[in-house]
There are 6 protein chains.
Amino acid sequence: MRPSLRLANELRRVRITRHYTKHAEGSVLIEFGDTKVICTASVEERVPPHKRGSGEGWVTAEYGMLPRSTGERMQREAAKGKQSGRTQEIQRLIGRSLRAVVDLQKLGERTIQVDCDVIQADGGTRTASITGAYVALHDAVTKLIRDQKLTESPLKDFIAAISVGIYQGIPVLDLDYVEDSDCDTDMNVVMTGSGGFVEVQGTAEGAPYSRAEMNALLDLAQAGIAQLVEIQGDVLGG
Amino acid sequence: MRPSLRLANELRRVRITRHYTKHAEGSVLIEFGDTKVICTASVEERVPPHKRGSGEGWVTAEYGMLPRSTGERMQREAAKGKQSGRTQEIQRLIGRSLRAVVDLQKLGERTIQVDCDVIQADGGTRTASITGAYVALHDAVTKLIRDQKLTESPLKDFIAAISVGIYQGIPVLDLDYVEDSDCDTDMNVVMTGSGGFVEVQGTAEGAPYSRAEMNALLDLAQAGIAQLVEIQGDVLGG
Amino acid sequence: MRPSLRLANELRRVRITRHYTKHAEGSVLIEFGDTKVICTASVEERVPPHKRGSGEGWVTAEYGMLPRSTGERMQREAAKGKQSGRTQEIQRLIGRSLRAVVDLQKLGERTIQVDCDVIQADGGTRTASITGAYVALHDAVTKLIRDQKLTESPLKDFIAAISVGIYQGIPVLDLDYVEDSDCDTDMNVVMTGSGGFVEVQGTAEGAPYSRAEMNALLDLAQAGIAQLVEIQGDVLGG
Amino acid sequence: MRPSLRLANELRRVRITRHYTKHAEGSVLIEFGDTKVICTASVEERVPPHKRGSGEGWVTAEYGMLPRSTGERMQREAAKGKQSGRTQEIQRLIGRSLRAVVDLQKLGERTIQVDCDVIQADGGTRTASITGAYVALHDAVTKLIRDQKLTESPLKDFIAAISVGIYQGIPVLDLDYVEDSDCDTDMNVVMTGSGGFVEVQGTAEGAPYSRAEMNALLDLAQAGIAQLVEIQGDVLGG
Amino acid sequence: MRPSLRLANELRRVRITRHYTKHAEGSVLIEFGDTKVICTASVEERVPPHKRGSGEGWVTAEYGMLPRSTGERMQREAAKGKQSGRTQEIQRLIGRSLRAVVDLQKLGERTIQVDCDVIQADGGTRTASITGAYVALHDAVTKLIRDQKLTESPLKDFIAAISVGIYQGIPVLDLDYVEDSDCDTDMNVVMTGSGGFVEVQGTAEGAPYSRAEMNALLDLAQAGIAQLVEIQGDVLGG
Amino acid sequence: MRPSLRLANELRRVRITRHYTKHAEGSVLIEFGDTKVICTASVEERVPPHKRGSGEGWVTAEYGMLPRSTGERMQREAAKGKQSGRTQEIQRLIGRSLRAVVDLQKLGERTIQVDCDVIQADGGTRTASITGAYVALHDAVTKLIRDQKLTESPLKDFIAAISVGIYQGIPVLDLDYVEDSDCDTDMNVVMTGSGGFVEVQGTAEGAPYSRAEMNALLDLAQAGIAQLVEIQGDVLGG
């Protein structure tokens, strides 16, 4: 039995609140249980150097945690003067994941800058970030269309992410912090709405895992992401 | 007439939500109109080097803004690798203001670290931060007493802060962003519940201001802070 | 009685030496008693990005202390790799103060960069810096006129600064280091030659101070600054 | 057909040279075709703070590339003053991979610091690094045993890594730079000698990939890693 | 007798391997005994700001050591976030030495960036770097001529470097690490093929040295450099 | 004829003012013509890690230039966030030079930290720094003896430095900025009072120089340093 009392294939309660703050073109509060992340999408009418003159746009992401989003206060990265390796790894992952469903040509020479800031952490901040960031990105794109800067959406598909892991020998879905801390294997999976894999990042913290376990984990992730995409669709349709 | 349609001596709607996030010993969301700041207070059972062995504790603060808390996205300070002069100035101000009402001897050799993170900015983020941080600090102290780490409160008084300025020749209270941008003089005032001045920081952005104007600004601030202290008392009494 | 044996409203001996070093367009050594600051003004025929194409110029300041300008050697900021919050706060204050008396339109698209470097500190380094920087700025402007780069002065007024504080219950003017260390309240006041307030920064280090005390401090500061402006006028007239 | 003319399941020529430099406790040059990495293992008789007093040791890794190990010269990270996100991601991966086969309790309170420095890059530098680092680590452990600092080996298994990808629709093994640049999907797989998965990191650079493709990639990786482990065994047995 | 058993005026075995790595325009492994340095020369068709529009090119150098090139592992400079004073001093020396034999006008507006990375250190890394860098530079220039980007060589002369020192009272040539550590005076001398001095850097680590000793050291260096230039000529002629 | 109209072997006017600032244990203003450097020596009753428990002390130096000490304003190193290679090279040179005449055993486990800050630069700032720093160091040592912390002086000899160069084919002494800018070869020589060489750093900026020229330069330097040592002796005797 999981500490969270959830079934092995059960997501935490997922809530997505659009228009959470007022300035950003897209602004979403996403909650995976007690994990809460503010995702904003900001449109900038310029591109980074490697895209200048290419006719293509760019989508990039940054990630941060409020110092006391966690059980123990973490040092503020702005005060330390650098982002940790973990932060950089996560924000690169979010950016790659989002770009997988964006037609950069159709976006035109502009950047959508996504910020994912964790205000309360309870495991799964990177998967919540990707899932929420997609909704913020969608809102920013809708605004570009409404403002007649785009005639069609550059979004090719939905994208969402979930963690899976082997907890006390059993593959389980969507680990919270307590489960994650006591888990041998942790895998983050990012998939499109149509079921394609975009990222798979699996790490055996304890014992290595077998091919059979990997297959079970991938099955769980596929089913979980299908539910997340349905939630995204509902909230965007509303 | 003010852009906000408020009277010259009228505060924005102030809301203080305690227990906003779950990990911190004190956690408050404070809203001055559209300005929203998360203030957390974290207790650490150690002190910085200059207090070691002194028998005294320390209270310090850090301040940050989410990149898209503002109309234009600001660069993330963690990514830039340093905190701006403005950020440091504000966090030093918050720390000094809070320490003015704390008996560090009674706090004992521990640190209360306050974090003020702006999730939406519309003027007055530093005054909202100080006002909200006091409530978070109070909650953290209450928890120390409840946990029997302290027998009496080291808090000597309330503390709150408000901005005042001269808008189109008229002294007004609690400037929002639009008013602040078009304001000749901006003064931030920090006062205790019993009416003592702790900080006065006035800057003439445009024309220098006269002694008579300064007196009018101080009158406004005194009255505004009295209201804020009453709100703090209500919310802490609840 | 003050440790310095001065009357409550008595300045330290103020000396301003123009043309102190040979390279800068304006170069001044200012002494407030044992506090000695070299202020230079450098003209650069370019402006920072936010002023490009605006037709306006810019005036900015940097501040530093020699490592052994103080009783205990301080770590060199260049070696530490960053400027402290205090340094940034002071240099922002100097820059704002000077800009308050400069017509940036008349200055044209050029920058005057002021450097204030403390070679000996005995309290009041920021007020001495502002007061001396004005003279260096004036000399740089005079040179621009003499070189026919400007036809009229962009300087609208004099500017000077002084500290006041409450020492053993008595409001006193121009605190030296010993007085400042033992002082409950410290206020730095920046005013123009015609008596307008540009900056007021008051901090209660110990007990908060009353409105009556604030009024007394402002009276002292006004009188002190009038004397400093007279000294500036004399030295520039010479 | 692959640009390298290799079969889909064919590794590049792998060469491992032990005792490559003279100072390190383990020093290996590993070549995957034209990719050449120097892997050294240094024993330090201390542990990082989070392991002090735990009775356990630590294994960690750092990664670097000589500036002209690549086709275009890259900026030197020491000169830029920071390691890129990519560098940090890779060195964290190497460290986690090695720790997966080390019994930290048996290692005792000491650190083995592994350095992987790429002197020539042609794709697969991280997989070559892991594969070579294991041999250097093994040599360092052997020296600890020979020096009677350890009585039994803390190494629980072999560890090796390989990349797989989908090149022009076909799953292929061990991508070189040209193949990697033109590849839709890239997956790095780290496995133990006994066939357990330690890390799987798959990224769809172009189109997302299906579950069937994922299965094919994992099959290729398993077979490739079995060959690498055999080579490691041969070279260590020699 | 020297620890290395060499005669006072005897160089270590010097080996220069051209075309050591495949990407750089010039790539050399130079060995002075156990000191091994990879020197690469990279051609970039741009110049730093101070040369733009001048019609002249630039030659510059960077230097690094692999962390375990030394007996004790050194901290990686990229991880520390800055290059040590020693590193900067050495790379400035290498750059100046190379520029002494390059006609920057004839090079045209391009930069040759030389990287010297020590893979194994046993004393004399800076002198080996200069001596090897010259050969890499020569290869890069030859490629520019072969590619018809230059019609004549901008190289005016050979350049090489050697250390000399006073070991137990006796002036000796080309110190290895053991000799260097126990040596009172260390001088690095850089000379052209035609016998001109380009750099002399002598430091008395222990007792100051006399004019007579200086003369003896300069004699040794002149003879040693003549041998190095002959080796450079042989290897380039091959 | 030299631009300075001096004879080839003529020093600029050298002035040394002791007790220049009031806080430091040794404080000297040294002037070599228009080059003016403040040298302070600060005693700290602790040693850096590599000397702890050794019974020996340490002498170290830092160097800086005020931003407008030069003809063109230089960027402030504290604002840039790092010291240039040149700065580090110079401060290492000053530190080594001073240590050459200090018996660290006799100094005991304390550090003398020397700061050399250039307030006006006109060539030769590093040689003036060394020459002035010695006097500041001497004053700090004298104070230690007077305070009965030392019973005998750890200073073994005088130390001074001068530059020499080849200007228009003629070896000349003590180059000022104009001469230095137009000079083919520049050598800085540091010698003890008894005539031993401590540092020789010669660089051919233009044409390499011959052995005969080197001998002439060394002759000039020896004579110049003898004069400097005499001036140091006079000023310390006074």
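The values are calculated or read from the model by the stated rules, or taken from the named source; none is laboratory data. Values in this document were obtained by computation on a predicted structure and should not be read as measured data. FYI the Cβ positions are ideal-geometry reconstructions off the backbone, even for glycines, and counts take in every protein chain you see.
Descriptive notes on the structure:
- Residue in segment F:84-132 that is nearest to the other protein chains (Cβ to nearest Cβ), counting only those that are over 19 Å from F:Lys143 (Cβ atoms), among the acidic types (Asp, Glu) and not in a helix (DSSP H, G or I): F:Asp117
- Of the residues contained in segment D:201-217, none is found to be within 14 Å of chain A (Cβ to nearest Cβ), among the hydrophobic types (A, V, I, L, M, F, W, C) and under 14 Å from the mean Cα position of the chain (by Cα).
- Condition check for F:Asp157: over 17 Å from F:Arg126 (Cα atoms), within 13 Å of chain E (Cβ to nearest Cβ), assigned to a loop (DSSP other than H, G, I, E, B) and not basic (Lys, Arg): yes
- Residue in segment E:175-184 that is part of a loop (DSSP other than H, G, I, E, B), more than 22 Å from F:Val190 (Cα to Cα) and under 17 Å from the mean Cα position of the chain (by Cα) present: yes
- For E:Arg73, the conditions (1) under 22 Å from D:Ser42 (Cβ atoms); (2) under 11 Å from the mean Cα position of the chain (by Cα) all hold with the exception of (2).
- Criterion violated by E:Leu220 - all others in (1) at pLDDT below 95; (2) of a type outside the set (Val, Ile, Thr); (3) within 13 Å of E:Val164 (Cα to Cα) satisfied: (1)
- The condition of being in contact (Cβ under 8 Å) with a residue 60 or more places away in the chain, away from every other protein chain (no Cβ under 14 Å) and in contact with a helix residue (DSSP H, G or I) (Cβ under 7 Å, 6 or more places away or on another chain) holds for only one of E:Val235, E:Val198, E:Val190, E:Val164, that being E:Val235.
- Counting the residues of segment D:191-235 that are of a type outside the set (A, V, I, L, M), assigned to a helix (DSSP H, G or I) and closer than 27 Å to D:Ser181 by Cβ gives 7.
- Every residue from segment C:196-217 that is among the small types (Gly, Ala, Ser) and buried (at least 22 other Cβ atoms within 10 Å of the Cβ): C:Gly202, C:Ala204
Table: residues versus (1) surrounded by fewer than 24 Cβ atoms within 10 Å (Cβ to Cβ); (2) within 28 Å of A:Thr60 (Cβ to Cβ).
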| site | (1), (2) |
| --- | --- |
| B:Leu11 | yes, no |
| B:Arg15 | yes, no |
| B:Gly71 | yes, yes |
| B:Met74 | yes, yes |
| B:Arg99 | yes, no |
| B:Val114 | no, no |
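- Those residues of segment C:42-60 which are within 24 Å of F:Gly71 (Cβ to Cβ) and within 14 Å of chain B (Cβ to nearest Cβ), in sequence order: C:Thr60
- Looking across segment B:201-232, the residues that are in contact (Cβ under 8 Å) with a residue 60 or more places away in the chain and either out of contact with any strand residue (DSSP E or B) (no Cβ under 7 Å at 6 or more places or on another chain) or polar (S, T, N, Q) (or both) come down to B:Gln201, B:Ala223, B:Gln227, B:Gln232.
- Search result, residues across segment F:17-40 that are within 9 Å of chain C (Cβ to nearest Cβ), within 15 Å of the chain's Cα centre (by Cα) and not hydroxyl-bearing (Ser, Thr, Tyr): F:Lys36, F:Ile38
- Whenever a residue of segment A:132-147 is acidic (Asp, Glu), it has no partner that is modelled with pLDDT under 95 and surrounded by fewer than 21 Cβ atoms within 10 Å (Cβ to Cβ) lying with C-beta atoms less than 9 angstrom away and at least six residues away or across chains.
- The listed residue being closer than 21 Å to A:Ala41 by Cα, in contact with a Cys (Cβ under 7 Å, 6 or more places away or on another chain) and buried (at least 19 other Cβ atoms within 10 Å of the Cβ), out of A:Ala121, A:Ala133: A:Ala133
- Filtering segment C:168-185 to residues that are over 16 Å from C:Thr35 (Cα atoms) and crowded, with 22+ Cβ neighbours inside 10 Å leaves C:Pro171, C:Val172, C:Thr185.
- Members of segment E:2-44 found to be modelled with pLDDT of 95 or more, of a type in the set (S, T, N, Q) and in a loop (DSSP other than H, G, I, E, B), listed by number: E:Asn9, E:Thr21
- Residue list for segment E:60-111, restricted to those being in contact with a Pro (Cβ under 9 Å, 6 or more places away or on another chain) and either without any contact (Cβ under 8 Å) to a residue 12 or more places away in the chain or aliphatic (A, V, I, L, M) (or both): E:Arg73, E:Met74, E:Gln75, E:Arg76, E:Ala79, E:Ala100, E:Val101, E:Val102, E:Leu104, E:Leu107
- Looking across segment C:61-79, the residues that are more than 8 Å from chain F (Cβ to nearest Cβ) and not in a strand (DSSP E or B) come down to C:Glu72, C:Met74, C:Gln75.
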